[in-house]
């Protein structure tokens, strides 16, 4: 009997995965993000259509793991230094959009006939924009490092902070709602006390444990991934046990590792697993929707969708105009908030679980999500064409007499000129000479010892695998002029199975337009890399022999200490 049940469950999961792949392919053709496709899979697999998704407990378990992992990765990316770098614009725009959407969304929801409690839930849900979708679309357009892209990331971080506050409040209210009078107040205070205690524990972990522990684990990449998943699940379980929700616990797990130099590598390795597990959250969500009930929500959903698609970009445009930004920057940044997020659906699902709102409210917000996510994808993709269309009437949003924008359209530090993979003797030798010539270097290595050593020498360094396309997508490729692959050949493999060829292809696919230099030790390897369109193939022994011969012949000066031994150090990592 047990074998039969397990066999049926396997068949069900297999059918869901095949359906997801098919619907996802259609969504890819229509240039839609996976969220839209996944919700459509849930609706098709639910009782209203194909009735495939019947194992509710198992699907819900995978969905909960997906939510915990999603919030873990969001916490891993909470870069408050970006908010500080951008100054007031991220805080004012982010908070201004949240307040505007909440207030006017609440009024519109009341006008549509919703009760006050449901209206405030819907209004708050409409304030969240999807960081995943926006970052993906801006990265595809190579605008993530532009001024409007950086500002968008800044107020998305502000929104993430609001998400945390809202979930803390909702969890506390949910616990307090189970009691009355003094008992309710006591429960709320207890949850807040537990939350502060857990936050203090996370701060202690960040200060004394996180970096040395993760550095030790990074020596075995598979163990690092297993630890990250286990850490996210552990803190999510602790958060749930203490009463303030696994969502907040998962997010705190990510924040606890965000200060380590390994966060990009962890995020890259877990991105695919996150998408896989989130599939089941959206399947569970779509399968729970009653299409007959959704039919009555079409009218309100259209009204609220128009509010999000028009009102959110408009308030961003107004605030940025008042602060002195050009109309083009305000318009392009404003388009990024013209949708609601997966967090909106999670927030509403929490409200349903607590008993504050009905399933119909979740269905209403889901419809708004489908409309706004699908529409805003095209709005962001064709943002420049839309700006050209509306540019004649946007002058009223631009302040006369000066601008707050920098001359270069990019704030902060000068971008990296060279991204250097491999920080051994050869790589650091290249880095030292380039730095002496005024170039700004970003080093990448998969050895925690090499990363620590290079950072001690004053280089900008990240830990990661150069052959991982997900990791490459997190690097500032658009601004760099050179990618240099200085990894020893014995660390890579045979010439016929050389992942450096994959690096060349992945860099071009990600929009890198500069040049690529790759080190090789064999003539056969050099020929393979040249055929793969490397712009420069470096052969350290041959090049050193040529340089030595020229110096012996008196045609060149001997290299200085920086070239032969970076920073005068004799002990470099291999």
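Can you tell me which residue in the range 142-168 is surrounded by the fewest Cβ atoms within 10 Å (Cβ to Cβ), limited to those that are out of contact with any helix residue (DSSP H, G or I) (no Cβ under 7 Å at 6 or more places or on another chain) and modelled with pLDDT of 70 or more?
Applying the filter and picking the extreme gives 165.
I need the full set of residues from the range 314-337 which are within 16 Å of residue 378 (Cβ to Cβ) and touching a residue at least 60 places away in the same chain (Cβ under 8 Å), in order please.
Residues satisfying the conditions are 331, 332, 336, 337.
Does residue 253 satisfy the condition of being assigned by TED's automatic domain parsing to the domain that holds residue 76, modelled with pLDDT of 85 or more, closer than 30 Å to residue 455 by Cα and within 22 Å of the chain's Cα centre (by Cα)?
yes
Select from the range 421-449 the residues that are more than 26 Å from the chain's Cα centre (by Cα) and within 26 Å of residue 220 (Cα to Cα) and list them in ascending order.
If the condition is that a residue be more than 26 Å from the chain's Cα centre (by Cα) and within 26 Å of residue 220 (Cα to Cα), then 423, 424, 425, 426, 427, 428, 449 are the ones that fit.
For the range 441-458, does any single residue satisfy the condition of being modelled with pLDDT of 85 or more, part of a helix (DSSP H, G or I) and farther than 25 Å from residue 263 by Cα?
no
Yes/no per residue for (1) over 30 Å from residue 274 (Cβ atoms); (2) outside the structural domain of residue 486 (by TED's automatic domain parsing); (3) at pLDDT below 80:
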site: 342; (1), (2), (3): no, yes, yes
site: 346; (1), (2), (3): no, yes, no
site: 352; (1), (2), (3): no, yes, no
site: 362; (1), (2), (3): no, yes, no
site: 369; (1), (2), (3): no, yes, no
site: 391; (1), (2), (3): yes, yes, no
site: 428; (1), (2), (3): yes, no, no
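Quick check: anything in the range 409-417 in contact with a helix residue (DSSP H, G or I) (Cβ under 6 Å, 6 or more places away or on another chain), at pLDDT 75 or above and either surrounded by fewer than 20 Cβ atoms within 10 Å (Cβ to Cβ) or within 27 Å of residue 522 (Cβ to Cβ) (or both)?
Taking every residue of the range 409-417 in turn, none turns out to be in contact with a helix residue (DSSP H, G or I) (Cβ under 6 Å, 6 or more places away or on another chain), at pLDDT 75 or above and either surrounded by fewer than 20 Cβ atoms within 10 Å (Cβ to Cβ) or within 27 Å of residue 522 (Cβ to Cβ) (or both).
Just name the residue that is surrounded by the fewest Cβ atoms within 10 Å (Cβ to Cβ) out of those in the range 96-113 that are farther than 15 Å from residue 303 by Cα and free of Cβ contacts under 8 Å to residues at least 24 places away in the same chain.
103
How many residues are surrounded by fewer than 20 Cβ atoms within 10 Å (Cβ to Cβ) and modelled with pLDDT of 90 or more if we restrict to the range 118-139?
1
Do the conditions hold for residue 243, that is, is it out of contact with any strand residue (DSSP E or B) (no Cβ under 7 Å at 6 or more places or on another chain), touching a residue at least 12 places away in the same chain (Cβ under 8 Å) and surrounded by fewer than 24 Cβ atoms within 10 Å (Cβ to Cβ)?
So residue 243 passes the test.
Considering only residues of the range 24-58 that are more than 26 Å from the chain's Cα centre (by Cα) and in a helix (DSSP H, G or I), which is surrounded by the fewest Cβ atoms within 10 Å (Cβ to Cβ)?
Top of the filtered list is 57.
Check 17, 9 and return the single one that is modelled with pLDDT under 90, assigned to a helix (DSSP H, G or I) and surrounded by 13 or more Cβ atoms within 10 Å (Cβ to Cβ).
9
Looking at 319, 229, which is the one that is over 24 Å from residue 166 (Cβ atoms) and in the same structural domain as residue 335 (by TED's automatic domain parsing)?
Going through 319, 229 in turn, the sole match is 229.
Check residue 379 against each of (1) at pLDDT below 85; (2) not in a loop (DSSP other than H, G, I, E, B) and name the one condition it does not meet.
Checking residue 379 against (1) at pLDDT below 85; (2) not in a loop (DSSP other than H, G, I, E, B), the one that fails is (1).
So, in the range 285-304, exactly how many residues are modelled with pLDDT of 80 or more and crowded, with 23+ Cβ neighbours inside 10 Å?
1
The values are calculated or read from the model by the stated rules, or taken from the named source; none is laboratory data. Keep in mind the model is a prediction, meaning the values are calculated, not measured. Cβ atoms come from the backbone with ideal geometry, glycine included; neighbour counts cover every protein chain shown.
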